[in-house]
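Just so you know, all these numbers are worked out from the coordinates, no wet-lab data involved. Note that this is a predicted model, so its numbers are computed, not measured. Cβ atoms come from the backbone with ideal geometry, glycine included; neighbour counts cover every protein chain shown.
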Amino acid sequence: MLIIKYFKAISDAAMAEEVKKKAKLAIIAWSGSVDKLYPVAILSSAAAAGGWEVELFFTFWGLNAIRKEMLNAPPKISSDYAEYGPAVAQAMKEMNMPPWHQLLAQAKAMGNVKIYACSTTMQLFGIKDKSALADFVDDVVGAATFLERAKDAAVTLFI
Amino acid sequence: MLIIKYFKAISDAAMAEEVKKKAKLAIIAWSGSVDKLYPVAILSSAAAAGGWEVELFFTFWGLNAIRKEMLNAPPKISSDYAEYGPAVAQAMKEMNMPPWHQLLAQAKAMGNVKIYACSTTMQLFGIKDKSALADFVDDVVGAATFLERAKDAAVTLFI
Amino acid sequence: MLIIKYFKAISDAAMAEEVKKKAKLAIIAWSGSVDKLYPVAILSSAAAAGGWEVELFFTFWGLNAIRKEMLNAPPKISSDYAEYGPAVAQAMKEMNMPPWHQLLAQAKAMGNVKIYACSTTMQLFGIKDKSALADFVDDVVGAATFLERAKDAAVTLFI
């Protein structure tokens, strides 16, 4: 009985244990359209340049977008905003904006950026291993592993 | 004058009060398409299995998706990715992936998962009470209540 | 050698430096459809009413939506849920729901709400300065500045 109370106390303490946060950005990159992949790359880039850690988890259509054969496919804009597509493409060209995945690769070269591919989505899309994905992918992990990595991030986003 | 300074000091202290974080996942489930509802269920499931607390707030199209009559309706994929729909449906079948709401119900049976429906959306859709919603719904609350519950979550997402 | 160890220790300490969180909501408002802009306004409103600080960063289609000429344009619903558009518009009218940007302006008048426009998107859309945007915009800043402001927020969302 005392032992049960003892373990109960330990378990309650564990439940209430504080999670300490640090300058770290964790993004679940779910989308496959360029108007959402740019924010992933730009936020990662800004965070890395500021000395933050960055952890990205590419899943669903985001994972599809980093398959090697997709990286140089014509960029797709969200259909809700398709009317602005040509004007935005033209403006990006004039601003000499690099492709989003190049921006992300630069952020990774410069700072502390870790990039993961979602193992469940890999199976869903029949992708065997990370050799089929962009070279910037560090590892293939599950959602549980990513949550543990995101736990101490000051900013967490689903994009 | 001294009293004003005194209250000012208390108010500043209150503003700056630290919020302690714990292993807890808080998701605002806004979307009604299965490719976003699966991430809600999978992340909740992974978090619950790891001993995290989970708080979900179904709002807008997410709330629409948990009306009893919608649970068994044919699943809808985001129109931006409709071209992949048939292949993904086939792959899910081969992987014996249960429906997203069954996954979520399992996560709730297994762990510390609380599920709320947004009161404003209830009114907007003319839904009288939670009997019209999936059985896993614990309560109908407003955005302010949900923010208070999300405040100490280590990971917060809008999906 | 000792000096290297010394700097290593400093660098480890810097990396591990704790970020303290407070009652603050930080939202990246990326979307331009009303069914996502209402959540931005309603969450901001609920947070401000509860004494939280609020920081909003309008970017991409969210920024487009706060150009002065867009504020009174007919509201657009996400195409994925277009079938519900007329019923929702009718219900909002019956509930006397004010336009989302009016709700947000009220939240700002009432509480501690700061609203920023994304500098990169300004350039992309050829918007010269904040006079072209809704009056509630406080400043034009970059992603790095916004991340620093979001760092101590208890709840961070990308909508």
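Report the charge-dipole magnitude of the protein assembly as shown in Debye, nearest 20, computed about the Cα centre from +1 at each Lys and Arg Cβ and -1 at each Asp and Glu Cβ.
In debye, rounded to 20, the protein assembly as shown gives about 640.
Report, in debye and to the nearest 20, how large the dipole of chain C comes out about its Cα centre when Lys and Arg carry +1 and Asp and Glu carry -1 on their Cβ.
Magnitude of the dipole: close to 260 debye.
Please compare each pair in A:Lys108/B:Lys21; B:Lys21/C:Lys108; A:Lys151/B:Lys20; A:Lys76/A:Lys128 to a cut-off of 18 Å on the Cα-Cα distance and tell me which ones are over it.
Check vs 18 Å cut-off fails for A:Lys108/B:Lys21; B:Lys21/C:Lys108; A:Lys76/A:Lys128.
When Cβ neighbours within 10 Å are restricted to other protein chains, what is their mean count per residue of peptide A:77-87?
For this peptide, the per-residue mean of nearby foreign Cβ atoms is 5.
Using only atoms on other chains, find how many Cβ atoms lie within 10 Å of each Cβ of peptide A:22-29 and report the average.
Rounded to a whole number, the mean comes out at 4.
Report the one residue of C:Ala47, C:Phe146, C:Pro86 whose Cα lies farthest in the direction of the positive end of the charge dipole of chain C (charges on C-beta: Lys and Arg +1, Asp and Glu -1; origin at the Cα centre).
C:Phe146
Treating only the Cβ atoms of Lys and Arg (+1) and Asp and Glu (-1) as charged, compute the dipole magnitude of the range C:33-76 about its Cα centre; round to the nearest 20 debye.
Dipole size: approximately 200 debye.
Quick one: what Rg and Dmax do you get for the range C:31-159 from the alpha carbons, in Å?
Rg and Dmax of the range C:31-159, Cα atoms, are 14.7, 42 Å.
Could you state, as a whole-number percent, how many of the C-alpha pairs of the protein assembly as shown are farther apart than 31 Å?
43 percent
Which order, highest average first, do A:138-150, A:109-121 follow once you tally other Cβ atoms within 10 Å for each residue and take the mean per peptide? Mind dumping the intermediate values first?
On the way: A:138-150: 17.6, A:109-121: 19.5.
With the highest mean Cβ count within 10 Å placed first, the list reads A:109-121, A:138-150.
How big is the antiparallel share of DSSP beta bridges in the protein assembly as shown, given as a percent to the nearest 5?
Antiparallel bridges: around 10 percent, rounded to the nearest 5.
Compute the acute angle (0 to 90°) between the alpha-carbon long axis of helix A:2-16 and the principal axis of greatest extent of the alpha-carbon atoms of chain A; round to the nearest 10°.
Roughly 20 degrees between the two axes.
Per DSSP H run of at least 4 residues, take -39500 (n - 2.57); add these up for the protein assembly as shown, divide by its residues and hand me the 222 nm value, nearest 500 deg cm²/dmol.
Calculated mean residue ellipticity at 222 nm is -13500 deg cm²/dmol.
Can you sort A:Lys130, C:Lys93, A:Lys108 by how many other beta carbons sit within 10 Å, fewest first? Please report the intermediate quantities before stating the final value.
Values: A:Lys130 17, C:Lys93 9, A:Lys108 20.
Final ranking by Cβ density, sparse to dense: C:Lys93, A:Lys130, A:Lys108.
Taking every DSSP beta bridge that has both residues in the range A:37-150, what percent is antiparallel when rounded to the nearest 5?
10 percent
When a footprinting reagent is the concern and you count Cβ atoms within 10 Å, what order do B:Ser131, B:Ser78 take, fewest first?
B:Ser131, B:Ser78
With a bin width of 5 angstrom, please list the P(r) values of the range A:70-145 as percents of all Cα-Cα pairs, from the 0 bin to the one holding the largest distance.
Answer for the range A:70-145: a P(r) of 3, 12, 17, 18, 18, 15, 12, 4, 0 percent.
Round to the nearest 10 and give me the degree value, 0 to 90, for the angle of helix A:100-110's Cα axis relative to the longest principal axis of chain A.
Helix A:100-110 sits roughly 50 degrees off the main axis of chain A.
Highest mean first, how do B:25-33, A:63-71 rank when packing is the count of other Cβ atoms within 10 Å averaged over residues?
By packing density, highest mean first, the sequence is B:25-33, A:63-71.
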